1. Restricting the range 267-293 to residues that are outside any helix (DSSP H, G or I) and among the hydroxyl-bearing types (S, T, Y), which is surrounded by the most Cβ atoms within 10 Å (Cβ to Cβ)?
2. Of all the residues that make up the range 70-85, how many are surrounded by fewer than 20 Cβ atoms within 10 Å (Cβ to Cβ) and either among the aromatic types (F, W, Y) or touching a helix residue (DSSP H, G or I) at 6+ places or on another chain (Cβ under 9 Å) (or both)?
3. Any idea which of (1) among the aliphatic types (A, V, I, L, M); (2) farther than 22 Å from H275 by Cβ; (3) touching a helix residue (DSSP H, G or I) at 6+ places or on another chain (Cβ under 9 Å) is the one L16 doesn't satisfy?
4. Is it true that some residue in the range 39-58 is free of Cβ contacts under 8 Å to residues at least 24 places away in the same chain and more than 30 Å from Q88 (Cα to Cα)?
5. Could you pull out the residue among I120, I147, I136, I105 that is at pLDDT 95 or above and either in contact with a strand residue (DSSP E or B) (Cβ under 6 Å, 6 or more places away or on another chain) or polar (S, T, N, Q) (or both)?
6. Report yes if L262 is among the aliphatic types (A, V, I, L, M), within 22 Å of the chain's Cα centre (by Cα) and surrounded by fewer than 14 Cβ atoms within 10 Å (Cβ to Cβ), otherwise no.
7. Just a yes or no: is a residue in the range 299-311 within 16 Å of the ligand (Cβ to nearest atom), over 29 Å from T166 (Cα atoms), loosely packed, with under 15 Cβ neighbours inside 10 Å and basic (K, R)?
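The values are calculated or read from the model by the stated rules, or taken from the named source; none is laboratory data. Small disclaimer: the values here were computed from a predicted structure and weren't measured. Cβ placement follows ideal geometry from the backbone for every residue including glycine, while neighbour counts extend to all protein chains displayed.
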Amino acid sequence: MAFQISLAMYVTLVCLALITLYGILKNIINSTYCYAIGPLFNKVNFKSKGKWALVTGCTDGIGKEYARQLAAKGCNIVLVSRNLQKLQATAAEIHIDFSVETKIIQADFTQEDIYEKISIEIEGLEIGTLVNNVGISYDYPEYFLQIPDWNDKVRAMFSANMVSVTRMMAMIMPDMVKRKKGVIINIASATASIPSPLLAVYGATKAYIQKLTEAIRIEYAGNGIIVQCVNPGYVTTNMSGIRRDSLLSPTPKKFVRSALALVGSANDTNGYYPHFILFDLITSLESLFKPFAEWATYRSMRNVRSRYLKKYKRQ
Ligand SMILES: NC(=O)c1ccc[n+]([C@@H]2O[C@H](COP(=O)([O-])OP(=O)(O)OC[C@H]3O[C@@H](n4cnc5c(N)ncnc54)[C@H](OP(=O)(O)O)[C@@H]3O)[C@@H](O)[C@H]2O)c1
């Protein structure tokens, strides 16, 4: 009997070790391909996909960097954002730095009557790359029922995060399908794949982007269109409120340089290797000890909420 138990235990341990080893090896192979080998062989010539790239939410942060780095690759840039002065300044900066053409379109993505105007403004432009970057989040982590200005805030998140991606793809893709080429980059968030307590609506809108992007990529795989979903962790922007960059919170420049290199080799990616390692650890932990992972993220978000409320004396 003792022998049978120890044999059973031995077999179980060996199986567990093999499964763990398989998981580690699979991740090493996948990440090495995605982040190191793939980009060497799948370099995308963005300009050859169409003369223009269109970026939403492009006067700051990640969106501005996509606009700049696509301009550096020779694309003319259509900038769509809400603040006219910032649009004009960004367009001038890009034109001077990269000698490409720019076009600005002022649009507030929390509104849903903007798409006809955008469609008229881009008529006749060959848009080879679409970056659906615009997105808004909570001002601070908050319980679902206590989100300040609930109706307006939740509606704004639905419009800016979900409707924008859906409508912009529906607007731009027909021409890409006709020309049998194009690149679509949809910016979701790493929060979409891990528990997002106190950011419930934001996390859910980003999960929508992931699902939508995956399905459209499969549907249009035969049409020469690259469809990529990027799921960043923290990046030093106004949205994150993080000012100093670090290994886990890169500058937008560092982040976008890494993410753009992965177009063509990674369909659904964190875009930046340290983020991949971090979120891979979190999802592995979640699959092993889900209640612990949920407790840890909830606790950490509650701390962020408390600090914010204390700072702004709302408690
Ligand atoms: N930063 C992060 O840590 C992080 C992490 C995960 C995912 N993301 C995602 O990355 C994307 C970009 O975030 P970010 O951190 O770069 O944001 P950001 O620094 O706040 O910049 C947002 C850009 O979008 C524009 N914008 C905001 N609301 C808009 C609206 N209603 N209509 C039109 N334009 C609008 C802003 O223009 P104004 O200057 O006029 O506001 C700005 O140019 C978002 O989808 C976000 O969810 C960010």
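1. Y272
2. So the count comes out to 3.
3. (3)
4. yes
5. I105
6. No: the conditions fail for L262.
7. No, the conditions are met nowhere in the range 299-311.
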